[in-house]
Every structure is written in structure tokens, then in C-alpha cells.
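**Q** Sending over a structure as C-alpha cells; questions will come in a sec.
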Amino acid sequence: MSFPTSDPRILARREGGLGTITIDRPEAINALERSMLQAIRGVLDAWVTDPDVQVVLFDATGTRGFCAGGDVRRLFEAISRGLISEAEPFFRDEYSLNAFVDEYPKPVVVFADGVTMGGGIGIAGHAHVRIVTETSKLAMPETRIGFTPDAGGSWLLGHAPGRLGEFLGLTSWVMGPADAIYAGFADHFTPASRLPSVREALTTRADPSTPAELVLLFDETPDPGPIERAREWIDDAFSADTVPEIVERLGALDASGVAAGEEVSPATALAALTARSPVALSVTLAAIRSSRVMRGLRDALSQEFALVSWFMATQPDMVEGIRAQLVDKDRSPRWSPATLADVDPEVVGDAFAFEPERPLFE
């Protein structure tokens, strides 16, 4: 049984007790626009009180990924022209949806197959049963575009083991399935070929009856990923108090030849930090550590909403990063300031003191 939605790229149907929401925009790796967020919210609202829907499943069409994030290219023009009032509603709708998924009164399962990044994590990362496959690639890539992890990403990063949150958030590192589970962004690994069987089990609700128990029937334990194997030196380097100190520690580790030959090494981490926006790095480090001691996801989302408002209103790096990575695609952003040494010591305090015109949750 199909359900009508307010956006044709969001498909909704029910089979048995399973309600499925499918993101259908494969040409853009299912990147989300505001109307798509609103359509998802509309379906979830309707299913809260629908007794025939007992479990909600998120999936997507195409072979490239579940969701590459928010379609920020459509926000680029508004932000670059200073029209914050036109860009702000997207983030308000997105973050509100993230909280709604997290707090949903019925079990929410997600197939985070393929690319799942940024706003895709905002849905997948806050679901109750999160399944990854051999093709899964998860990341919070915001520092690549001169921004800071959002859509609840700072909450997930803040609660990753050790200092993996700082490493992942600052470098925008892409996790495979094993590391996604280890870092707390996913729960179960299932080969992509078995996802139809998982769907069938969720539909028929055979014993065992809860979604988490059902998925365990298809769970396979992957070998440790490269980030898990690098945990010791990551914790050492990324526990430093400031980004410049992290860079200094990585340089010392690199010189000593730690983790030589590994895909994840001090040298590759250092190269990633060198390419990122200095302001975004400074704010991101503070945001992750602030989220670590918060009461819950809503607090982290509120903090992120204030930070995105600050970035849009005051910082050129967000526009420049989107231009370089997603619009012109020259991959050569001109950050302002260009180096960590030139970052104003007051910038982090200014970012966290900024108050949007209206809070996220009223």
C-alpha cells in the first residue's frame, strides 16, 4: 500500500506492519532538499498514530548511496548574497527532523548502504537500528566546506570512543562499515545482498519479534577497520587542547614512523587538517567537546543551529568551501584566514556566543 507524499522524491508504502520511506533522488546520491525533509516529516507524523505501521524503515534508490547529505548547492546563492532568512529554514527543518527520528515512538531502522554523509547521517545516525553494508561510506564532511559537523553529527562524534570524534570531525574522514560500527555511527553489518531478507523479516515480524533482534539474525562481524587499528595514536594526538597542538603531535608521530603503511596514519591525518578551514577546525573541536557533556541530542542540535547561523552570518569560509567543493569543483578553497596561526583567539568564543533570531526548539 502506497502513501501520498508532498514531494515525489520521497516514496512511502506499507507492507504488513512495516512502513518504508524511500529517498528517490539517485542522480544526486539522494541529497536532501527542504521539500524532501518536509515530506519525510509528514509521513512520520501520519504514521505515529497509524496502528498498522509498527516499524519504520528508511532506504533509498540507486546504487551509489543512502544519502549524500543536504543539497547545499541550492543554499549557496542565498548564503553568498547574505540572504540568511532564505537559507535558515532548511537547517531548521533538517535539525527538527533529526530530533524527531531520534525520539520517534516506533522503532526506526535504516539501511545506510553506500554513501551516507552529513545530512544522511542526520537520519541514519539517529535511527534506532542502523545497518551498514560492505559498500557503506559514512562521514561528517563539513570541515571540507568550511563548516562544522551538524545534523546531530557533533553529538555522535562527541560520544565516539576515545578521541575518534575529534579525529573524524576535524579530518572529515570517511569510515567503512567496521569503523562506522566501532565509532558508534552504526549498529550492524549485513551484506548488501541480504538486505531484501532483512526487509522481509521486518515485514513478516517472525520470531524474534523486535527489529533489533531480527536484524541480529543477519548480522556479521567485520574485521577491525583502519581507524580502530589506529586508535592508540589517534587518542594521543587528538586529545591535545587545541588544533595547533594536535597538528604538532601529528607531526611528531609522523616523524617517528608510527603506523607506517596504514591507510590511516599521522601523515594522512595531518594532510587532511592542512587542507581544512582553520576557523572550521577551531569551532569543530570546541563543538565536539561541548556535545560530549550535553544532556542529549536536542541540546547538540540547538548548539549546531546557533553555529550554522553564525557561519552563515559572519564567515566567508562556508560559502568558499561550498564553491570549491560543490559548485566550481576546483577543490582549491581560499580560506580566510588561511592558516591556524592567523585565527583570531576570540573566534571560538564569538561563535558560541552567537544567538540566532529564533531558537531551534521553541
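**Q** Please return the ranges of strands (runs of 3 or more DSSP E) entirely within the stretch 114-207 where 1 or more residues are among the β-branched types (V, I, T), modelled with pLDDT of 95 or more and in contact with a Leu (Cβ under 6 Å, 6 or more places away or on another chain).
**A** Fully inside the stretch 114-207 and qualifying: 115-117.
**Q** Picking from I123, I145, I131, which residue would you name as being under 27 Å from R334 (Cα atoms) and crowded, with 24+ Cβ neighbours inside 10 Å?
**A** I145
**Q** Which pairs have Cβ atoms under 6 Å, sit 6 or more apart or on different chains, and link a residue in the stretch 40-51 that is in contact (Cβ under 8 Å) with a residue 40 or more places away in the chain to one that is outside any helix (DSSP H, G or I) and small (G, A, S)?
**A** V43/A12; W47/G19
**Q** On to the next question. Check P333 against each of (1) touching a Lys or Arg at 6+ places or on another chain (Cβ under 9 Å); (2) modelled with pLDDT of 90 or more; (3) in a helix (DSSP H, G or I); (4) of a type outside the set (A, V, I, L, M, F, W, C) and name the one condition it does not meet.
**A** Against the list (1) touching a Lys or Arg at 6+ places or on another chain (Cβ under 9 Å); (2) modelled with pLDDT of 90 or more; (3) in a helix (DSSP H, G or I); (4) of a type outside the set (A, V, I, L, M, F, W, C), P333 comes up short only on (3).
**Q** Could I ask something else about it? Quick one: in the stretch 208-234, of everything that is modelled with pLDDT of 90 or more and charged (D, E, K, R), which residue is most open to solvent (accessible area, probe 1.4 Å)?
**A** E232
**Q** Counting just the residues of the stretch 243-254 that are in contact with an Asp or Glu (Cβ under 9 Å, 6 or more places away or on another chain) and free of Cβ contacts under 8 Å to residues at least 60 places away in the same chain, which one comes out most open to solvent (accessible area, probe 1.4 Å)?
**A** R249
**Q** Residue under question is P51, and the condition is that it be more than 17 Å from the chain's Cα centre (by Cα), open to solvent by 10 Å² or more (accessible area, probe 1.4 Å), under 20 Å from A186 (Cα atoms) and not small (G, A, S); does it hold?
**A** So P51 fails the test.
**Q** If you don't mind, another one. Return the residue satisfying two criteria in turn: it lies in the stretch 85-113 and is farther than 18 Å from L301 by Cβ and part of a helix (DSSP H, G or I), and of such residues it is most open to solvent (accessible area, probe 1.4 Å).
**A** E86
**Q** Give the stretch 8-24 a look and list any residue that's in contact with a helix residue (DSSP H, G or I) (Cβ under 7 Å, 6 or more places away or on another chain), surrounded by 18 or more Cβ atoms within 10 Å (Cβ to Cβ) and not β-branched (V, I, T), or say none.
**A** Result: R9, A12, L18, G19.
**Q** Here's something else I'd like to know. Of the numbered conditions (1) within 23 Å of the chain's Cα centre (by Cα); (2) touching a residue at least 24 places away in the same chain (Cβ under 8 Å); (3) surrounded by fewer than 16 Cβ atoms within 10 Å (Cβ to Cβ); (4) not in a helix (DSSP H, G or I), R295 fails exactly one; give the number of that condition.
**A** (2)
**Q** If you go through the stretch 38-45 one residue at a time, do you hit one that is over 30 Å from E320 (Cα atoms), within 22 Å of the chain's Cα centre (by Cα) and open to solvent by 50 Å² or more (accessible area, probe 1.4 Å)?
**A** Yes; the residues of the stretch 38-45 include at least one that is over 30 Å from E320 (Cα atoms), within 22 Å of the chain's Cα centre (by Cα) and open to solvent by 50 Å² or more (accessible area, probe 1.4 Å).
**Q** Pairs under 8 Å by beta carbon, first residue closer than 22 Å to G70 by Cα and free of Cβ contacts under 8 Å to residues at least 24 places away in the same chain in the stretch 319-343, partner open to solvent by 30 Å² or more (accessible area, probe 1.4 Å) and outside any loop (DSSP other than H, G, I, E, B), six or more apart or different chains?
**A** Within 8 Å, the pairs are R331/Q325.
**Q** Name the single residue, out of those in the stretch 54-81 being closer than 21 Å to M117 by Cα and of a type in the set (K, R), that is surrounded by the most Cβ atoms within 10 Å (Cβ to Cβ).
**A** Top of the filtered list is R64.
**Q** Looking at the stretch 298-317, which of its residues are more than 17 Å from P359 (Cβ to Cβ) and either open to solvent by 10 Å² or more (accessible area, probe 1.4 Å) or outside any helix (DSSP H, G or I) (or both)?
**A** Hits for the stretch 298-317 are T314, Q315, P316.
The values are calculated or read from the model by the stated rules, or taken from the named source; none is laboratory data. The shown structure was predicted, so the numbers you read here are calculated from the model rather than taken from an experiment. All Cβ positions, even for glycine, are placed from backbone atoms using ideal geometry, and neighbour counts span all protein chains on display. Calculation scope for accessible area: heavy atoms of the full protein, side chains included, ligands and nucleic acids excluded. Shrake-Rupley method; radii C 1.70, N 1.55, O 1.52, S 1.80 Å.
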